[in-house]
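Shown next, in C-alpha coordinates, is the structure this report addresses.
The values are calculated or read from the model by the stated rules, or taken from the named source; none is laboratory data. Predicted model only: the values in this text are computed from it and were never measured. Don't worry about glycine lacking a Cβ; one is built from the backbone with ideal geometry, like all the others, and counts go over all protein chains shown. The accessibility values were calculated without ligands, DNA or RNA, using every heavy atom of the protein model including side chains. Shrake-Rupley method; radii C 1.70, N 1.55, O 1.52, S 1.80 Å.
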Amino acid sequence: MPNMNHHAFNPEHLALTRRDFLRRCGMGMAGLGLAGLLGSVSTARAGEYVSPLAPKASQFPGTAKRVIHIFANGGPSHVDTFDPKPALDKYAGKLLPMEILPTERKTGAGFPSPFKFKKYGQSGIEVSDLFPHVAESIDDICVIRSMNADVPNHEPSLLLMNCGDARSIRPSMGSWVTYGLGSENQNLPGFIAMCPGGYPIQESQNWQAGFLPGVYQGTYINTQNTQIEQLIENIKNNYTSQPEQRQQLDLLQVLNEKHLEKRKGDEQLEARIQSFELAYRMQMDATDAFDISREPEHIRKMYGEGTQARQMLIARRLIERGVRFVQVWHGAGQPWDSHDDIKDAHGNLGRESDQPIGALLKDLKQRGMLEDTLVIWGGEFGRTPTVELPTPGSNAGKLNGRDHNHHGFSMWLAGGGVRGGYVHGATDDYGFAAVENKVHVHDLHATILQLLGFDHEKLTFRHSGRDFRLTDVHGRVVKELIA
(Lines give C-alpha, C1' and ligand atoms only; values in the text may rest on other atoms or scores of the structure.)
Protein backbone atom coordinates (compact mmCIF):
# COMPACT_ATOMS: atom_id res chain seq x y z
CA MET A 1 0.00 0.00 0.00
CA PRO A 2 1.93 3.05 -1.25
CA ASN A 3 0.29 5.54 1.12
CA MET A 4 1.35 3.73 4.29
CA ASN A 5 4.72 4.58 5.82
CA HIS A 6 6.41 1.18 6.30
CA HIS A 7 9.95 0.59 7.45
CA ALA A 8 12.42 0.10 4.60
CA PHE A 9 12.84 -3.49 3.48
CA ASN A 10 16.05 -5.15 4.63
CA PRO A 11 16.96 -8.50 2.92
CA GLU A 12 18.99 -9.51 5.96
CA HIS A 13 15.76 -9.90 7.92
CA LEU A 14 14.98 -12.97 5.82
CA ALA A 15 18.23 -14.68 6.75
CA LEU A 16 19.14 -16.66 9.86
CA THR A 17 22.45 -16.82 11.64
CA ARG A 18 23.86 -20.30 12.22
CA ARG A 19 23.05 -19.91 15.92
CA ASP A 20 19.43 -18.97 15.18
CA PHE A 21 19.09 -21.88 12.76
CA LEU A 22 20.34 -24.44 15.28
CA ARG A 23 18.30 -22.97 18.11
CA ARG A 24 15.07 -22.99 16.11
CA CYS A 25 15.62 -26.50 14.79
CA GLY A 26 16.34 -27.79 18.27
CA MET A 27 13.33 -26.08 19.81
CA GLY A 28 11.14 -27.30 16.97
CA MET A 29 12.15 -30.95 17.38
CA ALA A 30 11.71 -30.69 21.13
CA GLY A 31 8.27 -29.21 20.60
CA LEU A 32 7.28 -32.05 18.28
CA GLY A 33 8.42 -34.59 20.84
CA LEU A 34 6.50 -32.87 23.62
CA ALA A 35 3.35 -32.71 21.53
CA GLY A 36 3.64 -36.43 20.87
CA LEU A 37 3.98 -37.16 24.56
CA LEU A 38 1.12 -35.01 25.70
CA GLY A 39 -1.21 -35.74 22.79
CA SER A 40 -4.33 -33.71 22.28
CA VAL A 41 -4.26 -32.33 25.80
CA SER A 42 -1.28 -30.08 25.16
CA THR A 43 -0.87 -28.35 21.82
CA ALA A 44 -1.88 -28.72 18.22
CA ARG A 45 -0.13 -27.97 14.95
CA ALA A 46 0.97 -24.42 14.38
CA GLY A 47 -1.99 -22.17 13.67
CA GLU A 48 -4.58 -24.71 14.81
CA TYR A 49 -7.01 -23.57 17.50
CA VAL A 50 -7.28 -25.86 20.52
CA SER A 51 -10.32 -25.14 22.67
CA PRO A 52 -9.87 -25.42 26.44
CA LEU A 53 -13.52 -26.55 26.46
CA ALA A 54 -12.82 -29.59 24.29
CA PRO A 55 -14.55 -32.70 25.71
CA LYS A 56 -12.51 -34.57 28.31
CA ALA A 57 -12.88 -37.99 29.84
CA SER A 58 -13.95 -38.19 33.48
CA GLN A 59 -11.80 -40.04 36.02
CA PHE A 60 -14.13 -43.04 35.82
CA PRO A 61 -17.38 -43.77 33.98
CA GLY A 62 -20.10 -41.52 35.36
CA THR A 63 -23.85 -41.96 35.06
CA ALA A 64 -24.45 -38.26 34.38
CA LYS A 65 -23.03 -36.38 31.40
CA ARG A 66 -24.61 -32.98 31.91
CA VAL A 67 -26.35 -30.93 34.61
CA ILE A 68 -29.40 -28.66 34.87
CA HIS A 69 -29.36 -26.86 38.22
CA ILE A 70 -32.71 -25.21 38.98
CA PHE A 71 -32.04 -22.65 41.70
CA ALA A 72 -35.01 -21.50 43.79
CA ASN A 73 -33.11 -18.47 45.05
CA GLY A 74 -34.26 -16.97 48.31
CA GLY A 75 -34.84 -20.20 50.21
CA PRO A 76 -38.01 -22.23 49.56
CA SER A 77 -39.81 -23.61 52.59
CA HIS A 78 -39.30 -27.35 52.87
CA VAL A 79 -42.31 -27.76 55.18
CA ASP A 80 -44.47 -26.25 52.42
CA THR A 81 -43.02 -28.24 49.51
CA PHE A 82 -41.35 -31.65 50.02
CA ASP A 83 -41.25 -32.26 53.80
CA PRO A 84 -44.75 -32.55 55.33
CA LYS A 85 -45.02 -31.89 59.06
CA PRO A 86 -48.54 -32.68 60.36
CA ALA A 87 -47.32 -32.15 63.93
CA LEU A 88 -47.29 -28.42 63.20
CA ASP A 89 -51.10 -28.45 63.05
CA LYS A 90 -51.18 -29.46 66.70
CA TYR A 91 -48.90 -26.58 67.64
CA ALA A 92 -50.46 -23.88 65.53
CA GLY A 93 -50.07 -20.63 67.46
CA LYS A 94 -48.20 -22.44 70.25
CA LEU A 95 -44.55 -22.71 71.20
CA LEU A 96 -42.94 -25.87 69.90
CA PRO A 97 -41.91 -28.38 72.60
CA MET A 98 -38.25 -28.18 71.63
CA GLU A 99 -35.29 -25.88 71.80
CA ILE A 100 -35.79 -23.06 69.31
CA LEU A 101 -32.62 -23.00 67.28
CA PRO A 102 -30.92 -19.71 66.37
CA THR A 103 -31.98 -18.14 63.07
CA GLU A 104 -31.33 -14.76 61.49
CA ARG A 105 -34.43 -13.17 63.05
CA LYS A 106 -36.67 -13.95 65.98
CA THR A 107 -39.48 -16.43 65.43
CA GLY A 108 -42.46 -17.36 67.56
CA ALA A 109 -45.12 -20.05 67.59
CA GLY A 110 -45.57 -23.04 65.32
CA PHE A 111 -46.84 -22.17 61.84
CA PRO A 112 -48.61 -25.01 59.98
CA SER A 113 -48.33 -25.18 56.23
CA PRO A 114 -51.18 -23.52 54.31
CA PHE A 115 -50.64 -26.14 51.58
CA LYS A 116 -51.92 -29.70 51.46
CA PHE A 117 -49.74 -32.75 50.86
CA LYS A 118 -50.61 -35.79 48.80
CA LYS A 119 -48.90 -39.10 48.00
CA TYR A 120 -47.75 -39.62 44.42
CA GLY A 121 -46.43 -42.45 42.29
CA GLN A 122 -45.62 -46.01 43.20
CA SER A 123 -43.20 -44.72 45.83
CA GLY A 124 -45.99 -42.83 47.63
CA ILE A 125 -43.76 -39.85 48.38
CA GLU A 126 -45.72 -36.88 49.72
CA VAL A 127 -45.52 -33.57 47.85
CA SER A 128 -47.47 -30.39 48.52
CA ASP A 129 -50.04 -28.99 46.14
CA LEU A 130 -47.46 -26.37 45.14
CA PHE A 131 -45.86 -28.92 42.82
CA PRO A 132 -48.46 -31.33 41.37
CA HIS A 133 -46.76 -31.48 37.94
CA VAL A 134 -43.33 -32.17 39.44
CA ALA A 135 -44.93 -34.80 41.68
CA GLU A 136 -46.07 -36.74 38.62
CA SER A 137 -42.39 -37.63 38.10
CA ILE A 138 -41.71 -38.41 41.76
CA ASP A 139 -40.63 -41.98 40.98
CA ASP A 140 -37.70 -40.48 39.06
CA ILE A 141 -36.86 -38.08 41.89
CA CYS A 142 -34.64 -38.50 44.93
CA VAL A 143 -35.81 -36.15 47.70
CA ILE A 144 -33.21 -35.16 50.30
CA ARG A 145 -35.02 -34.01 53.44
CA SER A 146 -31.92 -33.69 55.62
CA MET A 147 -29.92 -30.95 53.92
CA ASN A 148 -28.06 -28.53 56.17
CA ALA A 149 -25.79 -25.54 55.64
CA ASP A 150 -23.69 -23.27 57.86
CA VAL A 151 -25.44 -19.94 58.42
CA PRO A 152 -28.93 -18.44 57.92
CA ASN A 153 -27.82 -15.59 55.64
CA HIS A 154 -28.32 -15.37 51.89
CA GLU A 155 -24.89 -14.18 50.79
CA PRO A 156 -22.69 -16.85 52.41
CA SER A 157 -25.26 -19.59 51.85
CA LEU A 158 -25.51 -18.80 48.13
CA LEU A 159 -21.74 -18.96 47.79
CA LEU A 160 -21.57 -22.17 49.81
CA MET A 161 -24.18 -23.85 47.62
CA ASN A 162 -22.70 -22.61 44.36
CA CYS A 163 -18.98 -22.44 45.10
CA GLY A 164 -18.37 -24.69 48.11
CA ASP A 165 -17.12 -21.83 50.29
CA ALA A 166 -19.15 -19.17 52.07
CA ARG A 167 -16.48 -16.47 52.21
CA SER A 168 -13.44 -16.91 49.97
CA ILE A 169 -13.34 -16.55 46.20
CA ARG A 170 -13.76 -20.07 44.83
CA PRO A 171 -14.78 -21.51 41.45
CA SER A 172 -18.46 -22.35 41.11
CA MET A 173 -19.73 -25.90 40.73
CA GLY A 174 -20.51 -25.29 37.06
CA SER A 175 -16.95 -24.08 36.51
CA TRP A 176 -15.52 -27.18 38.18
CA VAL A 177 -17.71 -29.43 36.03
CA THR A 178 -16.70 -27.76 32.76
CA TYR A 179 -13.06 -27.73 33.90
CA GLY A 180 -13.28 -31.47 34.46
CA LEU A 181 -15.38 -32.51 31.47
CA GLY A 182 -15.11 -29.72 28.93
CA SER A 183 -18.14 -29.26 26.71
CA GLU A 184 -19.61 -31.21 23.82
CA ASN A 185 -20.39 -28.12 21.73
CA GLN A 186 -17.54 -25.75 20.93
CA ASN A 187 -19.92 -23.20 19.44
CA LEU A 188 -21.68 -22.46 22.73
CA PRO A 189 -20.39 -21.72 26.25
CA GLY A 190 -19.90 -24.84 28.34
CA PHE A 191 -21.62 -23.24 31.35
CA ILE A 192 -24.66 -20.96 31.05
CA ALA A 193 -26.49 -19.21 33.90
CA MET A 194 -30.00 -17.95 33.11
CA CYS A 195 -31.67 -15.47 35.45
CA PRO A 196 -34.58 -13.30 34.27
CA GLY A 197 -34.74 -9.64 35.17
CA GLY A 198 -31.22 -9.20 36.47
CA TYR A 199 -28.78 -10.77 38.90
CA PRO A 200 -29.50 -12.78 42.06
CA ILE A 201 -27.89 -11.88 45.38
CA GLN A 202 -24.08 -12.07 45.10
CA GLU A 203 -24.54 -11.53 41.35
CA SER A 204 -21.95 -13.14 39.06
CA GLN A 205 -20.01 -14.57 42.01
CA ASN A 206 -22.51 -17.43 41.90
CA TRP A 207 -21.12 -18.63 38.56
CA GLN A 208 -17.56 -17.32 38.88
CA ALA A 209 -14.51 -19.24 37.68
CA GLY A 210 -12.45 -18.01 40.63
CA PHE A 211 -8.84 -19.08 40.13
CA LEU A 212 -9.74 -21.46 37.28
CA PRO A 213 -9.12 -20.13 33.76
CA GLY A 214 -11.77 -17.57 32.84
CA VAL A 215 -13.17 -19.70 30.00
CA TYR A 216 -14.87 -21.88 32.64
CA GLN A 217 -16.92 -19.02 34.10
CA GLY A 218 -20.67 -19.14 33.55
CA THR A 219 -22.13 -17.00 30.76
CA TYR A 220 -25.04 -14.94 32.07
CA ILE A 221 -28.25 -14.75 30.03
CA ASN A 222 -31.19 -12.52 30.98
CA THR A 223 -34.07 -14.77 29.95
CA GLN A 224 -36.64 -12.08 30.59
CA ASN A 225 -35.85 -10.98 27.04
CA THR A 226 -37.39 -12.88 24.16
CA GLN A 227 -35.47 -11.54 21.15
CA ILE A 228 -32.16 -13.25 20.44
CA GLU A 229 -30.40 -9.87 19.99
CA GLN A 230 -31.54 -8.94 23.51
CA LEU A 231 -30.78 -12.31 25.06
CA ILE A 232 -27.21 -12.25 23.74
CA GLU A 233 -25.96 -8.80 22.84
CA ASN A 234 -23.91 -8.35 19.67
CA ILE A 235 -24.67 -11.91 18.54
CA LYS A 236 -25.03 -10.72 14.96
CA ASN A 237 -22.66 -8.66 12.82
CA ASN A 238 -24.62 -6.47 10.44
CA TYR A 239 -21.58 -4.97 8.73
CA THR A 240 -19.35 -7.80 7.53
CA SER A 241 -19.94 -11.30 6.20
CA GLN A 242 -18.85 -14.37 8.12
CA PRO A 243 -15.85 -15.03 5.82
CA GLU A 244 -14.71 -11.45 6.38
CA GLN A 245 -15.17 -11.85 10.13
CA ARG A 246 -13.13 -15.04 9.97
CA GLN A 247 -10.28 -13.19 8.24
CA GLN A 248 -10.43 -10.42 10.83
CA LEU A 249 -10.34 -12.90 13.70
CA ASP A 250 -7.48 -14.84 12.15
CA LEU A 251 -5.44 -11.65 11.97
CA LEU A 252 -6.49 -10.70 15.49
CA GLN A 253 -5.55 -14.18 16.73
CA VAL A 254 -2.03 -13.83 15.33
CA LEU A 255 -1.58 -10.43 16.98
CA ASN A 256 -3.05 -11.67 20.25
CA GLU A 257 -0.77 -14.70 20.34
CA LYS A 258 2.25 -12.45 19.95
CA HIS A 259 0.91 -10.22 22.71
CA LEU A 260 0.23 -13.25 24.94
CA GLU A 261 3.67 -14.73 24.28
CA LYS A 262 5.21 -11.84 26.19
CA ARG A 263 2.72 -12.22 29.02
CA LYS A 264 2.62 -15.95 29.67
CA GLY A 265 0.43 -16.93 32.59
CA ASP A 266 -1.99 -14.01 32.20
CA GLU A 267 -5.23 -15.98 32.49
CA GLN A 268 -7.49 -12.96 32.04
CA LEU A 269 -5.82 -12.10 28.74
CA GLU A 270 -6.03 -15.70 27.59
CA ALA A 271 -9.73 -15.86 28.49
CA ARG A 272 -10.39 -12.62 26.58
CA ILE A 273 -8.71 -14.04 23.46
CA GLN A 274 -10.78 -17.21 23.71
CA SER A 275 -13.97 -15.18 24.13
CA PHE A 276 -13.50 -13.55 20.70
CA GLU A 277 -13.27 -16.96 19.08
CA LEU A 278 -16.31 -18.30 20.95
CA ALA A 279 -18.39 -15.21 20.12
CA TYR A 280 -17.79 -15.78 16.42
CA ARG A 281 -18.74 -19.45 16.61
CA MET A 282 -21.88 -18.71 18.65
CA GLN A 283 -23.58 -16.72 15.90
CA MET A 284 -25.37 -19.70 14.37
CA ASP A 285 -25.72 -22.15 17.28
CA ALA A 286 -26.89 -19.61 19.86
CA THR A 287 -29.53 -18.21 17.54
CA ASP A 288 -30.90 -21.71 17.09
CA ALA A 289 -30.66 -22.84 20.74
CA PHE A 290 -32.51 -19.87 22.24
CA ASP A 291 -35.28 -19.74 19.64
CA ILE A 292 -38.08 -21.81 21.19
CA SER A 293 -40.41 -20.95 18.28
CA ARG A 294 -38.64 -23.80 16.48
CA GLU A 295 -40.18 -26.26 18.93
CA PRO A 296 -43.42 -28.07 17.99
CA GLU A 297 -46.54 -26.45 19.36
CA HIS A 298 -47.42 -29.43 21.56
CA ILE A 299 -44.02 -29.19 23.28
CA ARG A 300 -44.44 -25.47 23.93
CA LYS A 301 -47.90 -26.13 25.36
CA MET A 302 -46.50 -28.84 27.62
CA TYR A 303 -44.09 -26.34 29.19
CA GLY A 304 -46.74 -23.63 29.43
CA GLU A 305 -46.55 -19.86 29.19
CA GLY A 306 -44.28 -17.32 30.84
CA THR A 307 -40.64 -16.77 31.62
CA GLN A 308 -40.11 -19.95 33.65
CA ALA A 309 -41.55 -22.09 30.86
CA ARG A 310 -39.27 -20.41 28.34
CA GLN A 311 -36.25 -20.90 30.62
CA MET A 312 -36.86 -24.63 31.11
CA LEU A 313 -37.39 -25.23 27.42
CA ILE A 314 -34.22 -23.31 26.57
CA ALA A 315 -32.35 -25.34 29.21
CA ARG A 316 -33.39 -28.56 27.49
CA ARG A 317 -32.40 -27.18 24.08
CA LEU A 318 -28.99 -26.14 25.43
CA ILE A 319 -28.03 -29.48 26.94
CA GLU A 320 -29.43 -31.19 23.85
CA ARG A 321 -26.84 -29.21 21.88
CA GLY A 322 -23.97 -30.20 24.12
CA VAL A 323 -23.80 -27.48 26.79
CA ARG A 324 -22.39 -29.17 29.88
CA PHE A 325 -23.89 -27.18 32.78
CA VAL A 326 -27.02 -25.01 32.73
CA GLN A 327 -28.14 -23.11 35.82
CA VAL A 328 -31.70 -21.78 35.87
CA TRP A 329 -32.56 -19.12 38.47
CA HIS A 330 -36.14 -18.20 39.28
CA GLY A 331 -35.57 -14.47 39.01
CA ALA A 332 -33.57 -11.45 40.08
CA GLY A 333 -32.81 -10.98 43.76
CA GLN A 334 -34.35 -13.61 46.03
CA PRO A 335 -37.94 -14.36 44.95
CA TRP A 336 -38.43 -17.37 47.29
CA ASP A 337 -37.56 -15.25 50.36
CA SER A 338 -41.08 -15.24 51.86
CA HIS A 339 -40.80 -13.38 55.17
CA ASP A 340 -44.48 -12.39 54.80
CA ASP A 341 -47.54 -13.78 53.02
CA ILE A 342 -45.98 -17.18 52.41
CA LYS A 343 -49.26 -18.64 51.17
CA ASP A 344 -49.56 -16.07 48.38
CA ALA A 345 -45.83 -15.69 47.68
CA HIS A 346 -44.96 -19.39 47.55
CA GLY A 347 -48.25 -20.07 45.81
CA ASN A 348 -47.40 -17.69 42.96
CA LEU A 349 -43.86 -19.01 42.67
CA GLY A 350 -45.12 -22.58 42.57
CA ARG A 351 -47.61 -21.77 39.82
CA GLU A 352 -44.86 -20.10 37.81
CA SER A 353 -42.39 -22.99 38.03
CA ASP A 354 -44.30 -26.24 38.65
CA GLN A 355 -45.60 -26.93 35.14
CA PRO A 356 -42.32 -25.98 33.40
CA ILE A 357 -40.18 -28.13 35.74
CA GLY A 358 -42.62 -31.02 35.48
CA ALA A 359 -42.55 -30.69 31.70
CA LEU A 360 -38.75 -30.61 31.67
CA LEU A 361 -38.55 -33.92 33.55
CA LYS A 362 -41.08 -35.59 31.26
CA ASP A 363 -39.52 -34.13 28.12
CA LEU A 364 -36.04 -35.33 29.07
CA LYS A 365 -37.41 -38.79 29.83
CA GLN A 366 -39.34 -39.14 26.57
CA ARG A 367 -36.18 -38.19 24.66
CA GLY A 368 -34.06 -40.71 26.54
CA MET A 369 -31.98 -37.92 28.07
CA LEU A 370 -33.02 -38.11 31.72
CA GLU A 371 -30.90 -41.17 32.38
CA ASP A 372 -27.67 -39.22 31.78
CA THR A 373 -28.84 -35.70 32.64
CA LEU A 374 -28.68 -34.73 36.31
CA VAL A 375 -31.45 -32.29 37.33
CA ILE A 376 -31.05 -30.51 40.68
CA TRP A 377 -33.71 -28.40 42.44
CA GLY A 378 -33.38 -26.36 45.62
CA GLY A 379 -32.33 -23.09 47.19
CA GLU A 380 -29.56 -21.95 49.49
CA PHE A 381 -31.46 -23.04 52.64
CA GLY A 382 -34.99 -23.65 53.91
CA ARG A 383 -37.35 -21.75 56.18
CA THR A 384 -38.46 -22.01 59.80
CA PRO A 385 -41.50 -24.03 60.90
CA THR A 386 -42.19 -21.18 63.31
CA VAL A 387 -43.67 -17.85 62.31
CA GLU A 388 -41.35 -14.91 61.87
CA LEU A 389 -41.90 -12.10 64.37
CA PRO A 390 -42.04 -8.45 63.31
CA THR A 391 -38.57 -7.06 62.64
CA PRO A 392 -38.23 -3.43 61.50
CA GLY A 393 -36.69 -3.26 58.07
CA SER A 394 -37.08 -6.99 57.42
CA ASN A 395 -40.76 -7.74 57.04
CA ALA A 396 -44.19 -6.18 57.22
CA GLY A 397 -44.97 -7.81 60.57
CA LYS A 398 -47.98 -9.76 59.31
CA LEU A 399 -47.11 -12.95 61.23
CA ASN A 400 -47.68 -15.13 58.16
CA GLY A 401 -44.14 -15.69 56.90
CA ARG A 402 -41.07 -17.73 57.76
CA ASP A 403 -37.46 -16.83 58.52
CA HIS A 404 -34.33 -18.41 56.98
CA ASN A 405 -33.42 -21.86 58.26
CA HIS A 406 -30.10 -23.55 57.51
CA HIS A 407 -30.47 -26.29 60.15
CA GLY A 408 -32.63 -28.47 57.93
CA PHE A 409 -34.15 -28.17 54.46
CA SER A 410 -35.01 -30.13 51.32
CA MET A 411 -33.57 -30.49 47.84
CA TRP A 412 -34.17 -33.04 45.13
CA LEU A 413 -32.21 -34.71 42.36
CA ALA A 414 -33.53 -36.49 39.29
CA GLY A 415 -31.97 -38.49 36.47
CA GLY A 416 -28.25 -38.93 35.94
CA GLY A 417 -28.09 -42.19 37.88
CA VAL A 418 -29.77 -41.06 41.11
CA ARG A 419 -32.08 -43.33 43.08
CA GLY A 420 -35.58 -42.37 41.97
CA GLY A 421 -38.65 -42.67 44.16
CA TYR A 422 -36.52 -42.39 47.28
CA VAL A 423 -36.54 -40.10 50.31
CA HIS A 424 -33.24 -39.66 52.10
CA GLY A 425 -32.95 -38.42 55.66
CA ALA A 426 -35.38 -36.52 57.82
CA THR A 427 -35.82 -33.41 59.88
CA ASP A 428 -37.31 -33.45 63.37
CA ASP A 429 -41.08 -33.73 63.87
CA TYR A 430 -41.51 -30.02 63.22
CA GLY A 431 -38.99 -29.51 60.41
CA PHE A 432 -36.52 -27.33 62.26
CA ALA A 433 -33.33 -29.37 61.95
CA ALA A 434 -31.97 -32.38 60.10
CA VAL A 435 -31.75 -35.30 62.52
CA GLU A 436 -31.44 -38.42 60.35
CA ASN A 437 -28.84 -39.14 57.64
CA LYS A 438 -27.70 -35.54 57.49
CA VAL A 439 -26.41 -34.24 54.15
CA HIS A 440 -24.23 -31.13 54.23
CA VAL A 441 -23.75 -29.01 51.13
CA HIS A 442 -20.20 -30.41 50.83
CA ASP A 443 -21.66 -33.93 50.80
CA LEU A 444 -24.09 -32.94 48.05
CA HIS A 445 -21.23 -31.58 45.94
CA ALA A 446 -19.17 -34.72 46.48
CA THR A 447 -22.12 -36.87 45.37
CA ILE A 448 -22.81 -34.74 42.28
CA LEU A 449 -19.18 -35.08 41.19
CA GLN A 450 -19.35 -38.83 41.80
CA LEU A 451 -22.35 -39.08 39.47
CA LEU A 452 -20.35 -37.18 36.84
CA GLY A 453 -17.42 -39.56 37.14
CA PHE A 454 -15.10 -37.71 39.52
CA ASP A 455 -13.59 -38.42 42.91
CA HIS A 456 -14.19 -35.07 44.59
CA GLU A 457 -10.84 -35.37 46.38
CA LYS A 458 -8.96 -35.77 43.10
CA LEU A 459 -10.62 -33.14 40.90
CA THR A 460 -8.19 -30.39 41.90
CA PHE A 461 -6.50 -27.25 40.60
CA ARG A 462 -3.13 -25.97 41.78
CA HIS A 463 -3.37 -22.39 43.03
CA SER A 464 -1.07 -20.42 45.32
CA GLY A 465 0.95 -23.52 46.12
CA ARG A 466 -2.03 -25.65 47.12
CA ASP A 467 -4.36 -28.12 45.43
CA PHE A 468 -7.92 -26.78 45.70
CA ARG A 469 -11.18 -28.63 45.08
CA LEU A 470 -14.92 -27.91 45.14
CA THR A 471 -15.39 -29.58 48.53
CA ASP A 472 -12.26 -27.97 50.05
CA VAL A 473 -11.25 -30.40 52.84
CA HIS A 474 -14.76 -31.68 53.50
CA GLY A 475 -17.46 -33.79 51.90
CA ARG A 476 -18.40 -37.44 51.58
CA VAL A 477 -20.27 -39.24 48.82
CA VAL A 478 -23.81 -40.13 49.92
CA LYS A 479 -23.98 -43.54 48.30
CA GLU A 480 -27.65 -44.04 49.22
CA LEU A 481 -28.59 -41.35 46.70
CA ILE A 482 -27.06 -43.29 43.83
CA ALA A 483 -29.05 -46.01 42.04
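Given a 1.4 angstrom probe, I'd like the percentage of the accessible area of the range 283-383 that is carbon and sulfur, rounded to a whole number.
46 percent
What ranking of LYS65, LYS56 comes out by heavy-atom accessible area, probe 1.4 Å, highest first?
LYS65, LYS56
For the range 304-351, what is the accessible area per residue in Å² when the probe is 1.4 Å?
28 Å²
Given 10 Å bins starting at zero, what is the percent of C-alpha pairs of the range 91-147 in each, up to the one with the largest pair distance?
19, 35, 28, 18, 0
What figure in square angstrom, to the nearest 10, would you give for the accessible area of LYS398 with a 1.4 Å probe?
Spelled out: LYS398, probe radius 1.4 Å, area about 110 Å².
Please list the non-local residues whose amide H lies under 5 Å from the amide H of LYS65, H modeled 1.01 Å from N, same-chain partners needing a gap of 5 or more.
Placed amide hydrogens put THR373, LEU374 under 5 Å from LYS65.
Under 5 Å between amide H atoms, partner at least 5 residues away or on a different chain: which partners does ASN405 have, H built in plane at 1.01 Å?
Distant-sequence amide H within range of ASN405: GLY382, ARG383, THR384.
Ranked from highest to lowest mean number of other Cβ atoms within 10 Å per residue, what is the order of the peptides 299-306, 253-260?
The peptides rank, most packed first, as 299-306, 253-260.
Pop out the carbon and sulfur fraction of the accessible area of the range 47-130 as a percent, whole number, probe 1.4 Å.
54 percent
What pairs from LYS365/LYS438; LYS116/LYS343; LYS85/LYS119 go past 22 Å between their alpha carbons?
Violating the 22 Å Cα-Cα cut-off are LYS365/LYS438.
Leaving out ligands and nucleic acids, and using a 1.4 Å probe, what accessible area per residue does the range 47-181 come to in Å²?
On a per-residue basis, the range 47-181 sits at 40 Å².
In Å², and per residue, what accessible area does the range 365-483 have when probed at 1.4 Å with the other protein chains present?
So the range 365-483 comes to 36 Å² accessible per residue, rounded to a whole number.
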